[in-house]
Amino acid sequence: MLAEESLLEVCAIEQHSLDEYESEMPRWCKGCGDHGVLAALQRVLRKNNLEPENVVSVSGIGCSSRLPHYLNTYGFHGIHGRALPISTGVRLARPELPVITIMGDGDCFSIGGNHWLHAIRYNINAVVLVLDNEVYALTKMQASPTTPDGTKTNTTPHGTYLQPLNPLSAVMGMTNVSFLAQTATWLPAHLDETIEKAWNHHGLSFVRILQRCPVFMPKAFGEGGLNFPVVFLENEDGIPVHPLLRKRGETQAHDHRDINEAQRVAVSVDPAPMGLIYQNRDLPTYEDIRWQRKDRPDRATFLERLDAAVDRYTVT
């Protein structure tokens, strides 16, 4: 039980309402999974009672990358594939601000592939959500790195020739990975729990969110989970598997702290693993390493010197 002083202090804190995290009306298509991710993010922000103006959401280009427009936080709509460098810059300049990075499969795995892999290695303290619908949808159906083999698109009219990229195994192959999870928009309770778990991790939390595009990929993921085999990972201190979820797929005991076991799970695609695949709480973040180096000035001095250097190029 809280002490009387602590209880009074908690009661004095103004609790934000859900609509305080809402912005303009989303312009996504009906049935798009982006709606569910936006709602889940708003619920997580409200649950943690975060000040909207003290949260930064960053995106690249794509349908999902419009999310900062609809989330009432400080938003940065970047350029294609470059959301992660922007997020890294925010974290280094303003480490007190939590950062959410939103990307699509083409934005992250193709055009931003180089930044994606190095962001994993840097382990900045940020939540990274990749909304994977297996296609470039904003530009009207071109093949992306995760498009299934044989899929006909505007860039592959005779069907794609290559096996799709497995982002989970790619992440687990990188040095310094600290958090990896997978969920889906047709599992809203699991989606909420996964984002909440990622939010509370200190380090780069990489979450792949499966969703179908109702316009260009309506049959993806078994028509949005209706006929898509999944296995829910059960682990201590992991993402809860609620009773109703057990009707949607099998469960599997999994130790998310064992990197070798996580790598084995990450390469499996049928059934698709759902839940917390890997977590390492002991890895330092890039911000921690950078600011704790003894040969570096303190942050205030560093910023003062940086401002002075930039002022040299002021045009009068």
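The values are calculated or read from the model by the stated rules, or taken from the named source; none is laboratory data. Since this is a predicted model, take the numbers as computed values, not measurements. Here the Cβ positions follow ideal geometry from the backbone for every residue, glycine too, while neighbour counts run over all protein chains shown.
Results, tabulated for the structure shown:
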quantity: Contacts under 6 angstrom Cβ, first residue in the range 103-116 being in a helix (DSSP H, G or I), partner surrounded by fewer than 24 Cβ atoms within 10 Å (Cβ to Cβ) and small (G, A, S), 6 or more apart; calculated: D107/G81; I111/G81
quantity: So R208, is it farther than 20 Å from H254 by Cα, among the basic types (K, R) and in contact (Cβ under 8 Å) with a residue 24 or more places away in the chain; calculated: no
quantity: Helices (runs of 4 or more DSSP H) within the range 147-225 that include 2 or more residues closer than 17 Å to M274 by Cα, at pLDDT 95 or above and of a type in the set (G, A, S); calculated: 167-172
quantity: Complete set of residues in the range 103-119 that are crowded, with 24+ Cβ neighbours inside 10 Å and within 25 Å of D282 (Cβ to Cβ); calculated: W116, A119
quantity: Matching residues in the range 266-285 - criterion: being aliphatic (A, V, I, L, M) and more than 16 Å from P164 (Cβ to Cβ); calculated: M274, L276, I277, L283
quantity: Every pair of residues 6+ apart whose Cβ atoms lie under 8 Å, when the first sits in the range 160-182 and is on the phi > 0 side of the Ramachandran plot while the second is of a type outside the set (K, R) and in a loop (DSSP other than H, G, I, E, B); calculated: N176/N123; N176/L283
quantity: Matching residues, the range 240-264, being closer than 21 Å to E196 by Cβ and either β-branched (V, I, T) or outside any loop (DSSP other than H, G, I, E, B) (or both); calculated: V241, P243, L244, L245, R246, T251, A262
quantity: Scan of the range 71-100 for residues that are surrounded by fewer than 22 Cβ atoms within 10 Å (Cβ to Cβ) and not in a loop (DSSP other than H, G, I, E, B), ordered by number; calculated: Y74, G75, F76, H77, P85, I86, G89, V90, L92, A93
quantity: Selected residue (only one of A272, A198 is among the hydrophobic types (A, V, I, L, M, F, W, C) and closer than 24 Å to A126 by Cα); calculated: A198
quantity: Number of the condition not met by V269 [criteria: (1) touching a Phe, Trp or Tyr at 6+ places or on another chain (Cβ under 9 Å); (2) assigned to a loop (DSSP other than H, G, I, E, B)]; calculated: (1)
quantity: Selection within the range 226-239 - under 29 Å from V99 (Cα atoms) and either part of a loop (DSSP other than H, G, I, E, B) or touching a Lys or Arg at 6+ places or on another chain (Cβ under 8 Å) (or both); calculated: F232, N235, E236, D237, G238, I239
quantity: The range 277-305: number of residues that are closer than 30 Å to H190 by Cβ and either among the small types (G, A, S) or not in a helix (DSSP H, G or I) (or both); calculated: 9
quantity: Residue match in the range 62-76 (condition: of a type in the set (A, V, I, L, M) and modelled with pLDDT of 90 or more); calculated: yes
